[in-house]
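Take a look at the structure below.
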Amino acid sequence: VQLQASGGGLVQAGGSLRLSCAVSGIIFSSNTIDWYRQAPGKQREFVGFITMNGRTDYADSVKGRFTISRDNGKNTAYLQMNSLTPEDTGVYYCMTVPIGVSGAYWGQGTQVTVSS
């Protein structure tokens with residue numbers, strides 16, 4: 001199982017970025033994909049998830065600004081981030097706990113830096 005996060009970069013406050021998470025080694029369409037982030041000096045925190053049926057949920061800190069979607073044909077999940085603030089700076093990770101498999105699989109992370 002491999003997850004490859006990409007799309008991070010440097011953006012000004014108020015700007016937008018779209019992250020991608022390309023997944024291989026599992027039946028992508030059958031699995032929930034989670035997004036997490038870790039700011040410098042802080043613990044990794046939950047951002048949101050999307051289920052196999054497209055249901056989403058988000059941390060309160062990103063509700064209304066971030067949107068998770070998926071393209072099962074491309075085995076890819078997306079994290080659209082709008083109205084970014086410096087507090088959104090961190091390394092963003094995608095993760096899945098594949099059905100029938102014990103344990104979680106994480107992508108390598110992609111850096112997002114929001115300047116004020």
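The values are calculated or read from the model by the stated rules, or taken from the named source; none is laboratory data. Small disclaimer: the values here were computed from a predicted structure and weren't measured. For neighbour counting, all protein chains shown are included, and Cβ atoms are generated from backbone atoms with ideal geometry for every residue, glycine included. When the accessible area is computed, the model is the full protein with side chains, heavy atoms only, and any ligands, DNA or RNA have been set aside. Shrake-Rupley method; radii C 1.70, N 1.55, O 1.52, S 1.80 Å.
Return the residue satisfying two criteria in turn: it lies in segment 63-77 and is surrounded by fewer than 21 Cβ atoms within 10 Å (Cβ to Cβ) and under 11 Å from Gly48 (Cα atoms), and of such residues it is farthest from the chain's Cα centre (by Cα). Break it down stepwise before answering.
First, pick out the residues of segment 63-77 that are surrounded by fewer than 21 Cβ atoms within 10 Å (Cβ to Cβ): 63-65, 67, 69, 71-76.
So of that shortlist, the ones also under 11 Å from Gly48 (Cα atoms) come out as 63, 67, 69.
Values: Lys63: 14, Thr67: 10, Ser69: 10 Å.
Once the filter is applied, the top-ranked residue is Lys63.
Looking at segment 21-38, I want the residues that are closer than 14 Å to Phe66 by Cβ and have a partner that is of a type in the set (D, E, K, R) and surrounded by fewer than 21 Cβ atoms within 10 Å (Cβ to Cβ) with Cβ atoms under 8 Å, at least 6 apart or on another chain. Which pairs are those?
Tyr36/Arg44; Tyr36/Glu45; Arg37/Arg44; Arg37/Glu45
Counting only residues that are in a strand (DSSP E or B) and either open to solvent by 20 Å² or more (accessible area, probe 1.4 Å) or more than 22 Å from Gly73 (Cα to Cα) (or both), how many does segment 3-25 have?
Number of matching residues: 11.
Would you check which residues across segment 78-100 are open to solvent by less than 60 Å² (accessible area, probe 1.4 Å) and in contact with a helix residue (DSSP H, G or I) (Cβ under 8 Å, 6 or more places away or on another chain) and list them?
Once the filter is applied, which keeps residues that are open to solvent by less than 60 Å² (accessible area, probe 1.4 Å) and in contact with a helix residue (DSSP H, G or I) (Cβ under 8 Å, 6 or more places away or on another chain), segment 78-100 yields only Met81.
Which is in a strand (DSSP E or B) and touching a residue at least 24 places away in the same chain (Cβ under 8 Å), of Gln80, Gln108?
Within the list Gln80, Gln108, the selection yields Gln80.
Being closer than 14 Å to Cys94 by Cβ and β-branched (Val, Ile, Thr) is the filter here, so list the residues in segment 13-41 that pass it.
If the condition is that a residue be closer than 14 Å to Cys94 by Cβ and β-branched (Val, Ile, Thr), then Val23, Ile26, Thr32, Ile33 are the ones that fit.
Conditions (1) within 14 Å of Gly7 (Cβ to Cβ); (2) under 10 Å from the mean Cα position of the chain (by Cα); (3) open to solvent by 30 Å² or more (accessible area, probe 1.4 Å), marked per residue:
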position: Ile33; (1), (2), (3): no, yes, no
position: Ala39; (1), (2), (3): no, no, no
position: Phe46; (1), (2), (3): no, yes, yes
position: Asn53; (1), (2), (3): no, no, yes
position: Asp57; (1), (2), (3): no, no, yes
position: Ser102; (1), (2), (3): no, no, yes
position: Trp106; (1), (2), (3): no, no, yes
position: Thr110; (1), (2), (3): yes, yes, no
position: Thr113; (1), (2), (3): yes, no, yes
